[in-house]
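Just below is one structure, and these are the notes that go with it.
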Amino acid sequence: MEFQQLEMFAAAVEEGGMSRAAERVYRTAAAVSIALAKLEEEFGVPLFDRSDRHHPQLTQPGRLLYSYARRILELRQEVTEAIKDGAQRRRVRLRIGTHESTSLYLLPSMLRPFREAHPQIKTEIICGTTERLLRALSNGAIDVALIGDVPGDNAFEQRLILKDRLVFILNPSHRLCGIKEVTVGDLADEVLIVQSTRSKLRQRLAQAFADAGAALNLGVENIAIEAMKRMVIDNHGVGFVPRMCVEEELRQGTLVATSIKGVRQDWDISLVRLKGQKHSLPSQKFFELAWAVSETHRGPDRPRGSKAAQ
């Protein structure tokens, strides 16, 4: 058993697939598969249940190995950091999972006071889809997540941080700006720009188009928020984003936001962590502080978040 094999195994678990794991460890998918096969041969047991080829799940031995692999890899990282930094004690770390949009437009306001209060805590940010982040929480790859449209699941504790809404963004001169009530049919000939092929936002669009009996033809996918806004400002298409991402452009008049009949607009952003766990001190402190800071985002006229059972 080698460090590299454990790295590939942990990446396969946390990324949910060989291809994404291979990208993370800068190897080929075949190399990752070979490393996992060698681990299974060494231990004499299957580490994954592959009955569902597209969504393999960890077996009981696989879960046990992952818990130890995570600890081994983290200890190696801590040793490396301690030597490089000349530290004589274990460094404390907080791992936060979130979406790209939230990492840009909401998380900084929560991290700033946290960093001021706890400068000794190293913070790591991991961006991904809701599905990937919830999986990372379950696996212990991250401590806490700040995500939108969280599905109801008794395995997680949730606190509502912000009630945002999803909007279509247009160039102010776009033809749809003159339509009183825009429908899915009005988007048939438009270049639709969305972030991730796996995102909840894309799922909202797909559902609305399916309900309307229309084909969803996306012009640009897997694009960064800032690039999307620039394309829309230059009138190269229409985008679909949380409103918090475009507040500045709306004030400046470089973008216009509208709703589309039949597309769900609600976008609740929640702080999430695993239930029934002994949470690290950094995780507890961030959870409490982020909840307090979120009061400033809700304000007196915004709905308050709900606190789940502790």
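Some observations on this one:
- For the chain, the residue among Thr183, Gln252, Met1 whose Cα projects farthest onto the positive side of the dipole built from Cβ charges is Met1.
- Derived scalar couplings ³J(HN,Hα) [segment 233-247; Karplus, 6.51 cos²θ - 1.76 cosθ + 1.60; whole Hz; x for Gly, Pro]: 4, 7, 6, 9, x, 10, x, 10, 9, x, 4, 4, 6, 10, 4
- Counting only DSSP beta bridges whose two residues both lie in the chain, roughly 60 percent are antiparallel.
- Only one residue of Val92, Asn217, Pro61 has its Cα farthest out toward the positive end of the dipole of the chain, where Lys and Arg carry +1 and Asp and Glu -1 on Cβ, and that residue is Val92.
- In loop segments of segment 144-219 as defined by DSSP, the GluC sites (Glu not before Pro) with at most 10 further C-beta atoms inside 10 Å of their C-beta are Glu181.
- The chain: most fluctuating residue of Gly185, Gly148, Gly239 per GNM, C-alpha cutoff 10 Å: Gly185
- Pairs from the list Lys200/Lys261; Lys122/Lys200; Lys180/Lys261; Lys200/Lys229; Lys180/Lys200 with a Cα-Cα gap above 22 Å: Lys122/Lys200; Lys180/Lys200.
- Of the Cα atoms belonging to segment 1-89, the radius of gyration and Dmax stand at 14.2, 48 Å.
- In the elastic network of the chain, a GNM with C-alpha springs shorter than 10 Å, the most mobile of Asn222, Asn154, Asn171 is Asn154.
- Note on segment 164-267: antiparallel DSSP beta bridges, both residues inside, total approximately 65 percent of the bridges counted.
- Under the convention that each Lys and Arg Cβ holds +1 and each Asp and Glu Cβ holds -1, the size of the dipole of segment 1-89 around its Cα centre is about 80 debye.
- Vicinal HN-Hα couplings computed from phi for segment 4-13 (Karplus, 6.51 cos²θ - 1.76 cosθ + 1.60; Hz; Gly/Pro x): 4, 5, 5, 4, 5, 4, 4, 5, 4, 5
Read the figures in this text as sums done on the coordinates, not as results from a lab. Note that this is a predicted model, so its numbers are computed, not measured. No Cβ is skipped: glycine too gets one built from the backbone with ideal geometry, and neighbour counts run over all protein chains shown.
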